[in-house]
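The values are calculated or read from the model by the stated rules, or taken from the named source; none is laboratory data. Quick caveat: nothing in here was measured; it's all calculated off a predicted structure. Here the Cβ positions follow ideal geometry from the backbone for every residue, glycine too, while neighbour counts run over all protein chains shown. Calculation scope for accessible area: heavy atoms of the full protein, side chains included, ligands and nucleic acids excluded. Shrake-Rupley method; radii C 1.70, N 1.55, O 1.52, S 1.80 Å.
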Amino acid sequence: QVQLVESGGGLVQAGGSLRLSCAASGSLDSAHTMAWYRQAPGNQREPVATITSGEGTNYVDSVKGRFTISKDKKILYLQMNSLKPEDTAVYYCNYLDSTIVAWGQGTQVTVSS
């Protein structure tokens, strides 16, 4: 079983930066994908960035060049720069392997204009 705990959200002005962290506990499969999703009020949860166990990364177009996903052992990060009001959402950490899907509890990111 994998458990995920996010931290690092908060209130920031447009143009500012935040770094989200997600600490994973339990045994991670050698082949897995971890990701950051976000959900704004009234919207569906959407993937923001993914990273595979082979360190391959992928980003939604709206954050390319501004956000960077990375991983250090069992901690997943999302560095968010040049934040915009439309980045306001609850951000969730996700883990996926061949048998397990796990979600964190979410952390709120609010970007003021």
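Couple of notes before you dig in:
- Considering segment 1-23, and only residues there that are over 15 Å from the mean Cα position of the chain (by Cα) and assigned to a loop (DSSP other than H, G, I, E, B), the residue that is modelled with the lowest pLDDT turns out to be Gln1.
- Residue within segment 25-39 that is touching a helix residue (DSSP H, G or I) at 6+ places or on another chain (Cβ under 9 Å), open to solvent by 50 Å² or more (accessible area, probe 1.4 Å) and closer than 20 Å to Gln108 by Cβ present: no
- Val60 passes every criterion in (1) hydrophobic (A, V, I, L, M, F, W, C); (2) touching a residue at least 24 places away in the same chain (Cβ under 8 Å); (3) surrounded by 12 or more Cβ atoms within 10 Å (Cβ to Cβ); (4) out of contact with any Gly (no Cβ under 7 Å at 6 or more places or on another chain) apart from (2).
- Condition met for Lys71 (touching a residue at least 60 places away in the same chain (Cβ under 8 Å) and of a type outside the set (A, V, I, L, M, F, W, C)): no
- Matching residues, segment 1-17, being open to solvent by 30 Å² or more (accessible area, probe 1.4 Å) and touching a Gly at 6+ places or on another chain (Cβ under 7 Å): Gln1, Gln3, Val5
- Residue tally, condition touching a Phe, Trp or Tyr at 6+ places or on another chain (Cβ under 9 Å) and open to solvent by 60 Å² or more (accessible area, probe 1.4 Å), over segment 40-56: 3
- Segment 69-105: number of residues that are modelled with pLDDT of 95 or more, open to solvent by 20 Å² or more (accessible area, probe 1.4 Å), of a type outside the set (A, V, I, L, M, F, W, C) and more than 18 Å from Ala31 (Cβ to Cβ): 11
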